[in-house]
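Structure first, then comments.
The values are calculated or read from the model by the stated rules, or taken from the named source; none is laboratory data. Not measured: the values here are computed from a predicted model. Neighbour counts are summed over all protein chains in view; Cβ atoms, including those assigned to glycine, are modelled from backbone coordinates with ideal geometry.
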Amino acid sequence: MQSGKLKQKWSLVVPGIMMLMSAFLLEACNKEQHKHPELRAGKALYNYHCAACHKENGTGMFLKGIPANIATDKNQTEIILHIKKGSQSSKSQMPVFSDMPDGEAYKIANYLLQLKRDYMNNPENRDKYLLERKQ
Ligand code: HEC
């Protein structure tokens with residue numbers, strides 16, 4: 001008799017513990033994505049979060065459908081929104097960085113716009129870019 005009741009108790013406790021554990025694991029995962037206290041500058045943050053797709057120089061990968069950040073028409077606010085809230089297009093292949101602190105998204109957006117300015121200030125690049133746009 002007693003053991004039957006005991007079993008019933010455990011059948012509630014065990015799943016309860018497992019649920020708690022998986023909640024902690026998920027939490028750890030989320031934090032992990034943003035565990036990079038050594039990265040402070042916009043450049044380091046961009047290289048860490050964005051360059052795998054958009055390349056360190058921001059030229060993207062045309063053949064893989066990854067747009068060049070140096071060719072963006074977006075302003076600072078729009079870039080921050082794109083990072084944290086995702087694209088307007090539901091088919092976007094870009095991850096949404098909803099956990100990213102605002103300050104970090106701000107630094108990344110500024111760095112991205114800096115990359116664009118540097119690229120466009122180089123006359124050689126600018127002409128190449130204008131030519132590509134015309135085609
Ligand atoms: C897994 C690959 C991947 C990663 C990582 C990634 N992106 Fe993207 N990004 C894309 C793709 C694909 C698109 C095109 C679809 C879209 O607009 O969402 C895109 C689009 C964009 C656009 C809009 C294009 C434009 O100029 O109109 C911006 C801005 C952008 N990414 C910035 C970033 C920044 C900043 C980061 C890092 C925080 C980042 N991306 C990380 C793949 C990626």
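Things worth noting here:
- Whichever residue in region 15-41 is within 14 Å of the chain's Cα centre (by Cα) and assigned to a helix (DSSP H, G or I) and, among such residues, is modelled with the highest pLDDT: 33
- Restricted to region 55-70, and to residues there that are assigned to a helix (DSSP H, G or I) and without any contact (Cβ under 8 Å) to a residue 40 or more places away in the chain, the residue that is nearest to the ligand (Cβ to nearest atom) is 64.
- Here is the figure for region 44-62: residues that are at pLDDT 90 or above and over 14 Å from the mean Cα position of the chain (by Cα) total 6.
- Within the option set 109, 44, 105, 52, being more than 10 Å from the ligand (Cβ to nearest atom) and outside any loop (DSSP other than H, G, I, E, B) holds for one residue only, 44.
- Odd one out for residue 128 among (1) modelled with pLDDT under 85; (2) outside any loop (DSSP other than H, G, I, E, B); (3) near the ligand (Cβ under 9 Å from one of its atoms): (3)
- Residue check: residue 49 meets all listed conditions (1) within 21 Å of residue 126 (Cβ to Cβ); (2) surrounded by 14 or more Cβ atoms within 10 Å (Cβ to Cβ) but one, namely (1).
- Selection count, region 71-102, where residues are within 25 Å of residue 120 (Cβ to Cβ), more than 7 Å from the ligand (Cβ to nearest atom), charged (D, E, K, R) and not in a helix (DSSP H, G or I): 0
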